[in-house]
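Read the structure below first, then the notes.
Taken together, the values in this text are just the output of simple stated rules run on the coordinates, not laboratory data. Quick caveat: nothing in here was measured; it's all calculated off a predicted structure. Every residue, glycine among them, receives a Cβ derived from its backbone with ideal geometry; neighbour counts consider all protein chains shown.
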Amino acid sequence: MSGAVSAFAPASVGNIGVGFDLLGHAVDGPRDIATVRRIDAPAVRIDSIDGDIAGVERLPLEAARNTAGGALLALRDALDLPFGFALSLHKGIPLGSGLGGSAASCVAALVAANALLDAPLPREALYGFALDGEVLSSGSRHGDNVAPMLLGGVTVATASRALRIEVPSWLHAVVVHPDQVLETRRSRAVLAEPYRLPDLVQQTAHLAQFLLGLQRGDAELIRDGLRDVLVEPRRAPLIPGFAAVKAAALDHGALGSSISGGGPSVFAWFASREQAERAAPAMREGFVDAGFDARAYVTPVDAQRADVLAAEPHARDVKRVGGR
């Protein structure tokens, strides 16, 4: 294929509380869009970056410093392509939100560029290139955001493999993003101190129950497992309003609630869409009461993966509650 291709990548919830740097799920909500063209020069260039999010003007246009550009450079070099790519990005996922904004840019660019290859790669084969891009932003090579964006739904992300987990269709999530910014490097810094062995054992037990609950479609096992005793206690003080948002989720029957990625966004899982929609306004109000406007998104946990756009590139079809 020649010409230009546009693709979107969804937001994501990294960690899912109990699976730090390991688990993630896609979100039907905000998204990034990449438009990629083949060019004759064996290089990657970024022609433009736009969007209606704060700070978009600070994102680097130099390909080697940009997550999307870095991912395309890794793809081009690995395949020894005789051509290059020109890239335009439309940012829809807020920066420093805990929703995988840096990951979405590189995944959208890879999906679009892959469609331009004479022999497109299997989706799983893009995972390593996505990690090459993501590390430019986060400073570490973890795939809990890029994996669910590439594959959709819930995924396990290891150093070398992205694996999709089948989950019950009744699972829905509320993801609330406040008007706060929490840089990934700052949220990771609070995790530097060693953890006690009993806490690690407890977290492992929670992870095992959580994964078994997904496999069996057992809401009570999911509820018992969706409890983070390692990361959440250290990051929660960085997020004004977190305790109120989580309490609102649990008061409305959530199976569990925690921090999305590095924060400040907060997610909660529910056993039905109806429960999630009832909880969303109350969860949003927890941030509003703390002095921050917020948007609440209701999404299936088994949300759509990144894909080539067949319609107008900036179209939106999002269930959103409140906020600007």
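Normalised by the number of residues in the stretch 92-156, what is the relative contact order in percent for Cα pairs under 8 Å and 6+ residues apart?
Working: 56 pairs, mean separation 20.7, N = 65.
With pairs under 8 Å counted, the relative contact order is 32 percent.
Please sort 94-102, 275-283, 63-71, 163-171 by packing, taking for each peptide the average over its residues of neighbouring beta carbons within 10 angstrom, highest first. Mind showing how you got there, number by number?
Details: 94-102: 25.9, 275-283: 22.0, 63-71: 23.8, 163-171: 15.7.
Highest-to-lowest ranking by the protection proxy: 94-102, 63-71, 275-283, 163-171.
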Quotient of Cα Rg and 2.2 N^0.38 Å for the stretch 172-300, N being how many residues it contains:
1.05
Alpha-carbon gyration tensor eigenvalues x 5, square-rooted, for the stretch 4-166, Å
23, 18, 13
Working from Cα positions, state the angle (0 to 90°, nearest 10) between the long axis of helix 242-251 and the longest principal axis of the chain.
70
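For the chain, what does -39500 (n - 2.57) per DSSP helix run (n ≥ 4), summed and divided by total residues, give at 222 nm, in deg cm²/dmol to the nearest 500? Could you put the intermediate results ahead of the total?
On the way: 10 runs with 111 residues, N = 324.
Result for the chain: -10500 deg cm²/dmol, rounded to the nearest 500.
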Can you work out the Karplus-derived ³J(HN,Hα) for every residue in the stretch 78-90? Use 6.51 cos²θ - 1.76 cosθ + 1.60 with θ = phi - 60°, whole Hz, and x for glycine or proline.
5, 8, 6, 6, x, 10, x, 9, 10, 10, 10, 10, 10
If the viscosity is 1.567 mPa s and the temperature 4 °C, what Stokes-Einstein diffusion coefficient in µm²/s follows for the chain when Rh is the Kirkwood radius over Cα pairs?
66
Burial ranking of peptide ranges 140-146, 200-206 (average Cβ count within 10 Å, highest at the top):
140-146, 200-206
Amide H partners (placed H, <5 Å) of residue 49, local residues excluded
89
If you average the alpha carbon positions of the stretch 110-153 and of the stretch 256-271, how far apart do those two centres end up, in angstrom?
23
